[in-house]
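Scroll down for the structure; my scribbles are underneath it.
None of the figures in this text is laboratory data; all of them are computed from the coordinates on show. All figures in this text were calculated on a predicted structure; none of them were measured in a lab.
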Amino acid sequence: MSIDICLMVGQGVSSYKNRKVVRDTLLKMGLSNKKLKSKNPLDWKLYTLIEVCSNAGWLPDLETHDFVFSPKNISHTLRNTRNLVHPGMHVKRNAPLALGEEQFKDTKSAYALVSRRLSWPNNQIQQTADASAD
């Protein structure tokens, strides 16, 4: 799911009208504020958002003549696909591994390329720091 969709879902979940539905759904799912770590749906993990929306009945199955589509399953498939390229997930999965010098140089070069292409505001700071570190 794109960030825009996540924000829309999060805002929908947090709207006043839906608060009771969300509270009841969270109780039914056995999710307390302590387990969620935040009352704000915008801070929830994508997995939790999908599950809450599904259990609240906001992701009903879509039926055609030949197929039944499950938005919940499609959402989880998209989440898993996102996790393939998500940098935080990559670090979690590969945390025990150490980077060799070549891998570090490749990673640093990729970061520099992406950073320049995205025109991040901290480019000047990063370029200066890289220049002094070499």
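Quick look at the values:
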read-out	value
Stretchable slack from H86 to D24, in nm (0.36 nm times residue separation minus alpha-carbon distance)	19.2 nm
Pairs from K39/K92; K37/K72; K45/K92 whose Cα-Cα separation, in the structure shown, is over 20 Å	K39/K92; K37/K72
